[in-house]
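Step one of this worksheet: look at the structure below.
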Amino acid sequence: MNNTITEKPYVRYTLIFLSLTFLALFLVVPLITIFAEAFQKGWGLYLTSITEPAAMAAIRLTLLTAAIAVPVNLVFGIVAAWAIAKFEFFGKRFLITLIELPFTVSPVISGLIFVLLFGAQGVFGKWLADHDIQIIFAVPGIVLATLFITFPYVARELIPLMQAQGNEQEEAALTLGASGWQTFWKVTLPNIRWALLYGVILLNARAMGEFGAVSVVSGHIRGLTNTIPLHVEILYNEYNFVAAFAMASLLALLALVTLIAKNWIEWKKGE
Amino acid sequence: MSIQVKKLKKIFNGFTAVDDVSLIVDDGEFVTLLGPSGSGKSTVLRCIAGLEAPDNGSIEINNEDVTRVPVQERRVGFVFQHYALFRHMTLLENVAFGLNVRGVGKKERNEKARDLLQLVGLTGLEKRMPSQLSGGQRQRVALARALAPQPGLLLLDEPFGALDARLRKELRVWLRELHDRINLTTLLVTHDQDEAFELSDRVLVVNKGRIEQEAEPQKIFDEPASEFVATFVGETNRVEGTVQEGSVAWGPMRFKAVHLKEGTKASVLFRPNDVYVTSHREKGGWPGIIRSIQFLGATESLEIEIEKDLNLTAHIPKGVAALSGFTVGEQVYVMVPMAHVFASK
């Protein structure tokens, strides 16, 4: 290596050592702890912990929430990115900023917004009560809060890519006789597929792992309105550590799968 | 097919990109819109294709008003400057795309696409991806793709703009030959006057959203209709003066200006190639001193001082310059047999 353009060896080794130590202390050790605690009393208790009815209900609710949030925000993300990247309109910059809003607002506040809107004392509270519709402290509230929190993921991945790609390929498809729909399926979608998948993976991880916003709207009714993260908290507060870490290990596993999928997609994107 | 554009107008955010443009392209003709970037020539082309909606005026293809007809139904082949090939498709799939979306069966469309790849000289590369091709090859694929749905006319938007000079020249010859073979009505947009002159039956010079002149290439060059056209299609010497006794005086030299009124302010333009330089005095020659000689490749550029502060540029073929043995400081005689005089604005 050329000495004129690189740092002195001791600087390099110190920096590498510092970052690796930090990584080990704050990321690897906790991850190992989760699995160590979860399997502390053996496989049997681990399996029982994640298959007891309240745990299964939490897993089901988490999967249901993700099953709604992912496709809905996938479609909205594409629509928003398409509008921003391909058209010029008044308020475009404002819309871009607005899409990022869920990232900049504390999740607890995001949850609170829905309580203020749909809660018993909320704006639509009376109307909802009259029509016997429950949103807050029920599944719809959890889904709405998750939708709000995970809205930016797909759009954020797609906007810069679609802006960089421009309209030329779509215009070429149109002059060749393709309809708008054909152009989308045969030209636009294949061009954005890796970025789209990347956004979906992150969106899914957040939808399953969201705590703050969901916690505010959930009401923590065991077996009914608890998602995995909420269930973990309840178990932990009851000093039921094995069960708490067993549930937490599911989320940790999801995180690992997400990381691997993310890296694989990045590698495919680069190809 | 023929194209007829009448009083086309297009405004972008208050900027008039195309201002009352009318043009006609006859069936089988090769016509070029030549102009600097930002002159609106591409917008005219995109309006004809249906990629932009004009704010005013009408577009007819084969005597049929298509102003409000969507792009898919206009049957135009469009070639973009940056190729716009579908990145995720092979060459064969790219070329077959226009047939695919029209519901042509796989066997038939692949056969047709293979024929077209052969026409553009890319047989054997059917399975390649666009990223594996050179720029020139990509543009030929783009052309094959545009031709696949059998369009009634071909629109080329700066098709060679992204290629290097040598390749541009090569593809120019190839495109003209292809046009002569398939005889498809073609409208080309370019800022390169060599390209326009070499390829076209007719050239329309565009400036600031308007057509400045419409003529055969030779006529555009020899008889430019305006000062803009004269300066855009080639290098010029430009001098200014007032019309007196039917000519404009510049130092000792006189340029005939019988078409202008006495006392009009006028500018005189003549090409460095049209300046005739000799070592010995000939009839009508004006004396001058060579102030510098610059090597330009095939020609040499002489800076000649006629009088103090009156300089002109002459381009001499290298062979002629070598025979004459011009040197800096030498006294020579110049004649300008061809000059264009325009009233100043």
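The values are calculated or read from the model by the stated rules, or taken from the named source; none is laboratory data. All values reported here derive from a predicted model rather than from experimental measurement. All Cβ positions, even for glycine, are placed from backbone atoms using ideal geometry, and neighbour counts span all protein chains on display.
Looking at (1) outside any helix (DSSP H, G or I); (2) surrounded by fewer than 23 Cβ atoms within 10 Å (Cβ to Cβ); (3) within 13 Å of chain A (Cβ to nearest Cβ), find the lone condition where B:Ile11 falls short.
B:Ile11 satisfies all of (1) outside any helix (DSSP H, G or I); (2) surrounded by fewer than 23 Cβ atoms within 10 Å (Cβ to Cβ); (3) within 13 Å of chain A (Cβ to nearest Cβ) except (3).
Would you check if B:Ala230 is touching a residue at least 60 places away in the same chain (Cβ under 8 Å), within 14 Å of chain A (Cβ to nearest Cβ), in a helix (DSSP H, G or I) and under 21 Å from B:Val31 (Cα atoms)?
Details: touching a residue at least 60 places away in the same chain (Cβ under 8 Å): yes; within 14 Å of chain A (Cβ to nearest Cβ): no; in a helix (DSSP H, G or I): yes; under 21 Å from B:Val31 (Cα atoms): yes.
Answer is no for this residue.
Would you mind stating whether B:Gly38 is away from chain A (no Cβ under 14 Å), among the small types (Gly, Ala, Ser) and without any contact (Cβ under 8 Å) to a residue 40 or more places away in the chain?
Working: away from chain A (no Cβ under 14 Å): yes; among the small types (Gly, Ala, Ser): yes; without any contact (Cβ under 8 Å) to a residue 40 or more places away in the chain: yes.
So B:Gly38 passes the test.
Kindly indicate whether A:Phe103 is part of a helix (DSSP H, G or I) and either of a type in the set (S, T, N, Q) or at pLDDT below 90 (or both).
Spelling it out, A:Phe103 is indeed part of a helix (DSSP H, G or I) and either of a type in the set (S, T, N, Q) or at pLDDT below 90 (or both).
Condition (residue is within 14 Å of chain B (Cβ to nearest Cβ) and over 23 Å from A:Val115 (Cα atoms)) applied to segment A:256-268: is it met by at least one residue?
Yes, there is a match, as at least one residue in segment A:256-268 is within 14 Å of chain B (Cβ to nearest Cβ) and over 23 Å from A:Val115 (Cα atoms).
When segment B:36-89 is examined, which residues are found to be among the hydrophobic types (A, V, I, L, M, F, W, C) and assigned to a strand (DSSP E or B)?
First, pick out the residues of segment B:36-89 that are among the hydrophobic types (A, V, I, L, M, F, W, C): B:44-45, B:47-49, B:51, B:53, B:59, B:61, B:66, B:69, B:71, B:76, B:78-80, B:84-86, B:89.
B:Ile59, B:Ile61, B:Val76, B:Phe78, B:Val79 - these are the residues of segment B:36-89 that are among the hydrophobic types (A, V, I, L, M, F, W, C) and assigned to a strand (DSSP E or B).
For residues that are within 29 Å of the chain's Cα centre (by Cα), polar (S, T, N, Q) and more than 7 Å from chain A (Cβ to nearest Cβ), scanning just segment B:64-96, find the one that is farthest from A:Val187 (Cα to Cα).
So the residue we want is B:Thr67.
Check B:Gly136 against each of (1) assigned to a helix (DSSP H, G or I); (2) under 32 Å from the mean Cα position of the chain (by Cα); (3) within 10 Å of another protein chain (Cβ to nearest Cβ) and name the one condition it does not meet.
(3)
This table checks each residue for (1) under 21 Å from B:Pro217 (Cβ atoms); (2) touching a Ser or Thr at 6+ places or on another chain (Cβ under 6 Å); (3) surrounded by fewer than 17 Cβ atoms within 10 Å (Cβ to Cβ).
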site	(1), (2), (3)
B:Ile3	yes, no, no
B:Leu23	yes, no, no
B:Thr43	no, no, no
B:Asp55	no, no, yes
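When segment B:13-46 is examined, which residues are found to be closer than 17 Å to B:Asp65 by Cβ and over 19 Å from the mean Cα position of the chain (by Cα)?
Those that are closer than 17 Å to B:Asp65 by Cβ and over 19 Å from the mean Cα position of the chain (by Cα): none in segment B:13-46.
On the given criteria, is A:Gln182 over 26 Å from A:Ser106 (Cα atoms), out of contact with any strand residue (DSSP E or B) (no Cβ under 6 Å at 6 or more places or on another chain) and more than 10 Å from chain B (Cβ to nearest Cβ)? Steps first, please.
Values: over 26 Å from A:Ser106 (Cα atoms): yes; out of contact with any strand residue (DSSP E or B) (no Cβ under 6 Å at 6 or more places or on another chain): yes; more than 10 Å from chain B (Cβ to nearest Cβ): no.
When the stated conditions are applied, A:Gln182 does not pass them.
So, in segment A:145-154, of the ones that are surrounded by 24 or more Cβ atoms within 10 Å (Cβ to Cβ) and either out of contact with any Pro (no Cβ under 9 Å at 6 or more places or on another chain) or of a type in the set (Gly, Ala, Ser) (or both), which residue ends up nearest to A:Ser218 (Cα to Cα)?
A:Ala145
Within segment B:273-296, work out how many residues are assigned to a loop (DSSP other than H, G, I, E, B) and in contact (Cβ under 8 Å) with a residue 12 or more places away in the chain.
8
Answer yes or no as to whether A:Pro30 is under 19 Å from A:Glu233 (Cα atoms), surrounded by fewer than 16 Cβ atoms within 10 Å (Cβ to Cβ), free of Cβ contacts under 8 Å to residues at least 40 places away in the same chain and out of contact with any His (no Cβ under 8 Å at 6 or more places or on another chain).
Considered against the rule, which asks whether it is under 19 Å from A:Glu233 (Cα atoms), surrounded by fewer than 16 Cβ atoms within 10 Å (Cβ to Cβ), free of Cβ contacts under 8 Å to residues at least 40 places away in the same chain and out of contact with any His (no Cβ under 8 Å at 6 or more places or on another chain), A:Pro30 comes out as yes.
How about segment B:271-305: which of its residues are among the hydrophobic types (A, V, I, L, M, F, W, C) and under 34 Å from the mean Cα position of the chain (by Cα)?
Correct list: B:Val275, B:Val277, B:Ile290, B:Ile293, B:Phe295, B:Leu296, B:Ala298, B:Leu302, B:Ile304.
Does B:Glu126 satisfy being surrounded by fewer than 23 Cβ atoms within 10 Å (Cβ to Cβ), part of a loop (DSSP other than H, G, I, E, B) and modelled with pLDDT of 90 or more?
Yes.
Scan segment A:229-271 for residues that are part of a helix (DSSP H, G or I) and acidic (Asp, Glu) and report the count.
The qualifying residues number 2.
Any residue in segment A:138-150 that is in a loop (DSSP other than H, G, I, E, B) sitting within a Cβ distance under 9 Å of a residue that is crowded, with 21+ Cβ neighbours inside 10 Å? List the pairs, counting only those 6 or more apart or interchain.
Within 9 Å, the pairs are A:Ala138/A:Val217; A:Ala138/A:Ser218; A:Ala138/A:Thr225.
Among (1) surrounded by fewer than 17 Cβ atoms within 10 Å (Cβ to Cβ); (2) among the β-branched types (Val, Ile, Thr); (3) at pLDDT 90 or above, which single condition is B:Ile211 missing?
Going through (1) surrounded by fewer than 17 Cβ atoms within 10 Å (Cβ to Cβ); (2) among the β-branched types (Val, Ile, Thr); (3) at pLDDT 90 or above one by one, B:Ile211 breaks only (1).
Could you check B:Gly28 against (1) in a strand (DSSP E or B); (2) touching a Ser or Thr at 6+ places or on another chain (Cβ under 9 Å) and say which number it fails?
(1)
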